[in-house]
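The next block holds one structure in the form of structure tokens; read it before the comments.
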Amino acid sequence: MNTLAKLILKGLAAILPMGITLYFIVWFFSTLEALIKPLLLWFLSESLYFPGLGILAGIVGLLILGLLVNAYLIRHLVSLGDQLMDRIPLVKSLYGALKDMMTMFNQGGNKDMKTVVSIELAENLRVIGFVTGEQAGRRLFDNDNQTSPLVGVYLPMSYQMGGYTVYVPRDRLTKLDIGIEEAMRLTITGGVQDRRH
């Protein structure tokens, strides 16, 4: 029975991550298609519609929206929307968190966002983190008379979507020669799936 249980668990470990990922991708695109299809049928006849047109229209719509955000009037409207969301209790917390997360992903070209570092918490005790920038550290802790500027470092927690942002003197950080994707996988899984052994 132990052997059978181990074999079943091995089979689950092999198929479950791929199955859940594929299911999520199919669910996401199916939901997107279902949401956009009724809007498209206002402008198109049923005979012109084909499966996948909703996803294509969604991508084109996002591209157009991205271009429009650069226009002054649209930027002003987005700013008014931001101010409105910031005044609604509870909503402002969720909106602020989502906006910060999207800003973080949107700064993909920022060199600091690609930096993986380790912080020594105690002797022979290190954690992996991701540098998020120095601006907030300078603004918040400029009066602390630090010899080295404070840097924001995101420390993800294993097996969950969460973590801590800590502000650490730059000279306490050690840059790691590892890609951000591999470092994120190592921290999220607790190092269980280290493929470089």
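For the stretch 64-82, the condition holds for at least one residue, the condition being that it is within 25 Å of K99 (Cβ to Cβ), modelled with pLDDT under 85 and among the polar types (S, T, N, Q). Here T3, T31 are screened, and the one residue that is among the polar types (S, T, N, Q) and farther than 30 Å from A57 by Cβ is T3. Whenever a residue of the stretch 9-36 is at pLDDT 85 or above, its partners that are not in a helix (DSSP H, G or I), lying with C-beta atoms within less than 8 angstrom and at least six residues away or across chains, give the pairs E33/P51; E33/G52.
Looking across the stretch 97-128 at every residue that is under 14 Å from the mean Cα position of the chain (by Cα) and of a type in the set (G, A, S), the one that is modelled with the highest pLDDT is identified as A97.
The values are calculated or read from the model by the stated rules, or taken from the named source; none is laboratory data. The shown structure was predicted, so the numbers you read here are calculated from the model rather than taken from an experiment. In this analysis, Cβ positions are derived from the backbone assuming ideal geometry, glycine residues included, and neighbour counts consider all displayed protein chains.
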